[in-house]
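J.: Pasting a structure here, questions to come.
The values are calculated or read from the model by the stated rules, or taken from the named source; none is laboratory data. Here the structure is a predicted model, which is why all the values come from computation and not from measurement. Backbone-built Cβ (ideal geometry, glycine too); neighbour counts: all protein chains shown. Ligands, DNA and RNA are excluded from the accessible area calculation, which covers all protein heavy atoms including side chains. Shrake-Rupley method; radii C 1.70, N 1.55, O 1.52, S 1.80 Å.
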Amino acid sequence: MTTKPMPKPKPTFVADIEEIRKRARQHILDGAVTGGYKGDRQTVIRVLNEALATEIVCVLRYKRHHYTAKGIHSQAVAEEFLEHANEEQGHADRIAERIVQLDGDPDLNPEGLASRSHSQYVEGATLVEMIREDLIAERIAIESYSEIIRYLGDNDSTSRRLMEDILANEEEHAEEMKTLLESIGEDEKRDEKTRERKAAS
Ligand SMILES: [Fe+2]
Ligand SMILES: [Fe+2]
């Protein structure tokens, strides 16, 4: 005699809706953070505050570069610096909002800002130096945000998605700085050759 195998129960997404509702009610003052939050909240807030400091330092560096860009190529590059400064400000705002959702305090204290930040504030004397410093800072942000994303994993998918979004934007910034560096480098080499030719004739 053969017995029919029992149909497998379909996996249910919400195991106990009552329990979820109860937990949400109990911790209503926690705002967006529910009992199901799997992250280590204090660490997530600390890490996001470091990303916030990184963004603010990037805003300040790009602003400085925007106002001090000099030379024949400066106008278009200065515009690009300003665009990046504004986008970094947008990142800072989104990170600060997320910290508040997690019941944390966004750390906007200017004291210690540079040491909380992963990227550095380097002024740069020439346009090429500025672009190079911006490229380095973007690459640092890309490295550290990738690390943050790996750390967040499935424990806080909202923060992870936010950081993934920002990371994609930093990658665009890095690409733009790299292209600028290459094209200005080429132009400068050509100008140098022209000057040498004129001096020799
Ligand atoms: Fe940014
Ligand atoms: Fe950036």
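J.: What ³J(HN,Hα) values, in whole Hz, does the Karplus curve 6.51 cos²θ - 1.76 cosθ + 1.60 give for the range 122-130 when θ = phi - 60°, with x put for Gly and Pro?
T.: 10, 6, x, 8, 10, 4, 4, 4, 4
J.: For the range 186-200, what does the Karplus curve 6.51 cos²θ - 1.76 cosθ + 1.60, with θ = phi - 60°, yield as ³J(HN,Hα) per residue in whole Hz, taken in order and with x for Gly and Pro?
T.: Going residue by residue, I get 4, 4, 5, 4, 5, 4, 4, 5, 4, 4, 5, 5, 5, 5, 6 Hz, with x marking Gly and Pro.
J.: From largest accessible area down, sort Asp107, Asp154; use a 1.4 Å probe on the protein chains.
T.: Details: Asp107 50, Asp154 115 Å².
Putting Asp107, Asp154 in descending order of accessible area: Asp154, Asp107.
J.: Using protein chains only and a probe of 1.4 angstrom, how many square angstrom of Arg190 are accessible, to the nearest 10?
T.: 140 Å²
J.: With a 1.4 Å probe and every protein chain kept in, tell me what percent of the accessible surface of the range 37-76 is carbon plus sulfur. Before the final figure, lay out each step's value.
T.: Values: 1050 of 1940 Å².
Solvent-exposed carbon and sulfur of the range 37-76 make up 54 percent of the total.
J.: Subtracting the Cα-Cα distance from 0.36 nm times the residue separation, let me have the gained length for Thr158 to Asn86 in nm, one decimal.
T.: 23.6 nm
J.: Hey, if we sort Val122, Val100, Val57 by accessible area with the 1.4 Å probe, largest down, what's the order? Present the calculation step by step, with values, prior to reporting the outcome.
T.: Details: Val122 50, Val100 80, Val57 10 Å².
Correct descending sequence by accessible area is Val100, Val122, Val57.
J.: First check a/c for the range 37-78, with a ≥ b ≥ c the square roots of the eigenvalues of its C-alpha gyration tensor; if it is under 1.5, answer rounded, and if not, answer prolate when a/b is larger than b/c or oblate otherwise.
T.: Working: a/c = 8.21, a/b = 4.52, b/c = 1.82.
Prolate is the answer for the range 37-78, as a/c is 1.5 or above and a/b outweighs b/c.
J.: Full extension from Lys189 to Val122: what is 0.36 nm times the residue separation minus their Cα-Cα distance, to one decimal in nm?
T.: Roughly 21.7 nm would be gained on extension.
J.: Tell me the accessible surface of Glu83 in square angstrom (1.4 angstrom probe, heavy atoms of protein chains only), to the nearest ten.
T.: For Glu83, solvent-accessible area is about 100 Å².
J.: Additional query: Taking a probe of 1.4 angstrom, what is the accessible area of Asp165 in Å², to the nearest 10?
T.: Its heavy atoms expose roughly 80 Å² to the probe.
J.: If you stretched the chain out fully between Asp105 and Ser146, how much longer would it get, using 0.36 nm times the residue separation minus the C-alpha to C-alpha distance? Can you show the working numbers first?
T.: Details: separation 41, 0.36 × 41 = 14.76 nm, distance 2.30 nm.
Stretched out fully, the Asp105 to Ser146 stretch lengthens by 12.5 nm.
J.: Further, regarding this structure: Just the number, please: carbon plus sulfur as a percent of the accessible area of the range 83-201, 1.4 Å probe, no ligands or DNA/RNA counted.
T.: Details: 3300 of 6970 Å².
Carbon and sulfur atoms account for 47 percent of the accessible area of the range 83-201.
J.: While we're here: Taking all pairs of distinct Cα atoms, average 1/r, flip it, and tell me the Kirkwood hydrodynamic radius of the range 62-187 in Å to one decimal place.
T.: Values: mean 1/r = 0.0639 Å⁻¹.
The answer is 15.6 Å.
J.: Still on this structure, please answer the following. Over what distance in Å are the Cα centres of the range 131-201 and the range 88-119 separated?
T.: 22 Å
J.: Counting Lys and Arg as +1 and Asp and Glu as -1, each charge on the Cβ, what is the dipole of the range 74-196 about the Cα centre in debye, to the nearest 20?
T.: Numbers: 13 positive and 34 negative charges, 53 e Å.
Result for the range 74-196 is approximately 260 debye, rounded to the nearest 20.
J.: Using a 1.4 angstrom probe on the protein heavy atoms only, line up Ile99, Ile56, Ile136 by accessible area, largest first. Walk me through the numbers on the way to the answer.
T.: Values: Ile99 0, Ile56 35, Ile136 75 Å².
Final ranking, largest accessible area leading: Ile136, Ile56, Ile99.
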